[in-house]
Amino acid sequence: MKTTYCSILLMTAFLSLTSCKVDGGENIYSEVDFSACLPDDAQIAVLRIDYTLAGSFLRNINTDYEYTLPAFINGSCHIKLRKGIYLLSFDGDATLADGTVRRVRFAGHSVNRDALPLTGDHETVLLNLAYLQQ
Amino acid sequence: MRHLVILTIMLLAVMQAWAQSDTVSADVNRSTEERLSERATLVARHYGQITANRYFQYGTSLSTVSAGWKYRYEKNAIAVWRGNRASTGLFSADSYLRFGGKSAAFIGAEYENGILDNVNWNSTADYELLYPYVLISPATGKVHHERYSFSGGCASRFGRWVSGISGSYRALHEFQRIDPRPRSKVNDLKIEASLSRMIGRNYALGAAADIRIYKQTMDVSYFNEAGAFTPQYHYIGLGQTFGRFDGTTYTETRHKGFGYGFRMSLVPTGSNGFLAAFDYSRLKMNRQLHEINEAPITVLWTDRCEANLAYIAESNAWDYTLSLCGNYERRQGEEAVVDNGLMGEFKILDRHTMYDRHRYCATLNAVAEWHHDHHCITIASEAQVEAEKEQYRDPVSVISHTSLNAGIHAGYRRLSGLWLFSATVSGDYHTCPANRFSISSSVMQELSDLLSYTRLRIMDDCFVLQPRLSVQRRLQQAGAIFISLLYRQLFHSYGVSLAAEISLGYRF
């Protein structure tokens with residue numbers, strides 16, 4: 001009979017322990033590299049996004065949380081984001097390799113239909129910019 | 001539903017008559033005293049955990065039918081989601097029936113109808129069960145609620161073995177009559193099977209397993225289209241919301257849950273001995289939005305463990321009970337990454353565990369009862385330590401606190417002829433010596449204010465005074481009427497908080 005009690009006790013303990021949901025340190029972040037290129041393939045030295053405009057945003061569409069992209073140096077930047085689906089749209093000032101400053105726009109992921117999925121641990125995104133008339 | 005309540009009462013009466021024909025009828029006042037003493041209330045939890053063990057709980061049958069009224073008023077709400085005023089009418093019937101020496105049965109039914117006033121930041125029923133995945137709104141409203149619950153079970157003895165089966169069902173309906181109008185319907189079913197074996201002469205060891213099925217459907221209506229501007233937020237904890245679905249469109253929500261539990265319990269078959277119990281349960285709760293193809297946007301996992309150890313001793317003049325109880329609860333919340341819904345499918349691309357809450361609680365109770373002739377004096381004390389830590393992973397927010405409660409309780413009971421008289425008074429002191437409050441700056445201001453307010457209420461030192469009076473008069477050998485009154489007042493820095501209950505009924 002002692003064996004029966006021990007079995008019941010062990011079974012209960014086993015089921016209790018094995019059924020606990022363990023957060024196995026899952027990675028909720030994605031390391032994202034953004035690269036920007038211009039229509040004429042001109043080299044970008046620095047690109048600063050104009051966040052004073054309502055149309056400049058990097059937004060997680062599920063949480064509505066907004067992030068600020070750092071300046072693009074030599075045409076690229078790096079940011080750590082929570083994995084998710086994002087909207088990205090901005091106007092900015094690009095300083096080219098020859099020193100000229102041009103107003104540029106990116107609106108490739110500005111609506112839900114074109115939302116950008118960033119769900120991997122590492123992601124690389126190419127942004128095709130357009131020149132704006134100054 | 002009302003028909004079911006009536007049916008339950010009729011069934012209860014029939015079973016009672018059947019039970020009385022099969023057992024030695026006991027004095028109703030003595031049976032009541034056996035159940036309502038401080039000691040009995042404390043150990044009832046141990047027996048109640050496993051249906052098969054309830055066979056050993058009482059030696060006599062007793063049924064109670066009662067009607068009552070509960071009132072609560074807080075000048076400033078302690079928990080804004082429950083409102084600051086509540087008035088509830090209650091009807092209940094429950095019965096513990098012994099059928100000879102071979103089996104026992106239990107049946108109960110309750111109907112509750114009431115109003116919660118000034119409910120704020122809550123559009124969902126069963127807020128505490130579903131937290132943090134609830135629908136909230138800054139609107140303040142009057143919530144009408146109606147609850148039905150039924151429970152029943154039986155335990156049968158076969159030699160040294162006792163088998164038990166029980167089930168319970170709860171239906172809840174909550175709604176508001178002024179825009180915004182949340183309406184929630186809850187169905188909650190639990191079924192348990194258990195087995196117990198007598199060990200030696202004095203103990204029984206039982207094991208039980210149960211399953212739970214939960215469903216809540218809710219929606220928010222706006223009858224005045226021009227006034228449909230009060231947003232509903234899909235709360236995800238510590239001031240964060242599932243922003244994509246906030247507003248007035250995605251309000252039709254389903255909460256679907258499935259749970260299971262295991263427990264073991266050792267109880268004495270007599271009136272002296274040790275009680276020990278271990279209980280584990282888990283509940284998985286999906287929150288689905290109807291407007292996006294029932295996609296489950298969040299999943300809440302609630303794991304609970306409880307361990308109890310108690311000792312009861314009974315002598316001619318003195319009865320002692322010492323009980324130690326430890327509880328642990330963990331809530332983990334997963335949020336879905338919902339795709340852009342381009343084809344109206346709303347696929348779930350990934351899930352992340354974002355919310356985590358740990359809650360620990362340890363309670364020590366000691367009860368001493370002195371009997372002399374028909375008098376009984378009770379002194380009881382309670383000490384409790386509770387710690388809670390709630391965190392959200394991104395943006396990082398942490399709230400934690402440790403609280404202490406200490407209480408003392410004194411009671412006098414007299415059984416005299418036809419009368420059973422009971423008066424008790426208890427005083428409890430609550431303090432919160434340690435806390436941490438770190439909320440992300442991205443939290444919207446009104447939710448940040450709500451969290452701060454709730455925080456201050458938890459930290460506020462509080463003294464609770466609670467007198468209770470109960471009088472019962474036997475009308476015949478197996479029947480008695482009773483009245484019970486309770487008043488509770490909280491003394492703290494947020495103005496008046498009080499509660500009162502009155503209950504009238506018949507025991508047989």
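Taking A:L88, is it surrounded by fewer than 20 Cβ atoms within 10 Å (Cβ to Cβ) and assigned to a strand (DSSP E or B)? No; evaluated as a whole, the condition is false for this residue. Selection of the stretch B:46-79 for residues being assigned to a helix (DSSP H, G or I) and either more than 28 Å from B:R474 (Cβ to Cβ) or over 19 Å from the mean Cα position of the chain (by Cα) (or both) yields B:H46, B:T51, B:A52, B:N53, B:R54, B:Y55, B:F56. Taken as a whole, the stretch A:20-28 holds at least one residue that is modelled with pLDDT under 90 and in contact with a His (Cβ under 7 Å, 6 or more places away or on another chain). Restricting to the stretch B:183-214, and then to whatever is exposed (fewer than 15 other Cβ atoms within 10 Å of the Cβ) and either in contact with a Pro (Cβ under 7 Å, 6 or more places away or on another chain) or of a type outside the set (A, V, I, L, M, F, W, C) (or both), can you tell me which residue is farthest from the other protein chains (Cβ to nearest Cβ)? Here the residue is B:N187. A:D64 fulfils the conditions (1) under 20 Å from B:T241 (Cα atoms); (2) assigned to a strand (DSSP E or B); (3) acidic (D, E) except for a single criterion, (2). Considering the stretch B:261-277, and only residues there that are under 26 Å from the mean Cα position of the chain (by Cα) and more than 14 Å from chain A (Cβ to nearest Cβ), the residue that is surrounded by the fewest Cβ atoms within 10 Å (Cβ to Cβ) turns out to be B:F274. Every residue in the stretch B:442-470 that is more than 21 Å from B:V119 (Cα to Cα), outside any strand (DSSP E or B) and either hydrophobic (A, V, I, L, M, F, W, C) or in contact (Cβ under 8 Å) with a residue 40 or more places away in the chain (or both), please. Of everything in the stretch B:442-470, those that are more than 21 Å from B:V119 (Cα to Cα), outside any strand (DSSP E or B) and either hydrophobic (A, V, I, L, M, F, W, C) or in contact (Cβ under 8 Å) with a residue 40 or more places away in the chain (or both) turn out to be B:S442, B:V443, B:M459.
Taking the listed residues B:G101, B:G89, the one that is modelled with pLDDT of 95 or more and either assigned to a loop (DSSP other than H, G, I, E, B) or within 20 Å of B:S484 (Cα to Cα) (or both) is B:G89, with no other qualifying. Taking each residue of the stretch B:355-372 that is surrounded by 15 or more Cβ atoms within 10 Å (Cβ to Cβ) and looking for partners that are among the small types (G, A, S) and not in a strand (DSSP E or B) with beta-carbon atoms closer than 7 Å, six or more apart or interchain, yields B:E369/B:S37; B:H371/B:A317.
Please pick out the residue among B:Y131, B:Y169 that is at pLDDT 95 or above, among the aromatic types (F, W, Y) and under 29 Å from B:E329 (Cα atoms). Before you say what the answer is, go through the steps one by one.
Details: B:Y131 fails: at pLDDT 95 or above.
Answer to the selection: B:Y169.
Exactly one residue among A:L81, A:L132, A:L87, A:L126 is within 14 Å of chain B (Cβ to nearest Cβ) and under 17 Å from A:A36 (Cα atoms), and that residue is A:L87.
Is it true that some residue in the stretch A:106-123 is in contact with a Pro (Cβ under 9 Å, 6 or more places away or on another chain) and away from every other protein chain (no Cβ under 14 Å)? First the steps, then the outcome.
Narrowing the stretch A:106-123 to residues in contact with a Pro (Cβ under 9 Å, 6 or more places away or on another chain): A:123.
When the remaining residues are screened for being away from every other protein chain (no Cβ under 14 Å), the result is none.
Among the residues of the stretch A:106-123, not one is in contact with a Pro (Cβ under 9 Å, 6 or more places away or on another chain) and away from every other protein chain (no Cβ under 14 Å), which makes the answer no.
Which residues, counting only those in the stretch B:471-491, are surrounded by 18 or more Cβ atoms within 10 Å (Cβ to Cβ) and assigned to a strand (DSSP E or B)? B:Q472, B:R474, B:A480, B:F482, B:S484, B:L490, listed by residue number.
The values are calculated or read from the model by the stated rules, or taken from the named source; none is laboratory data. Not measured: the values here are computed from a predicted model. So basically every Cβ, Gly included, is an ideal-geometry build from the backbone, and we count neighbours across all protein chains shown.
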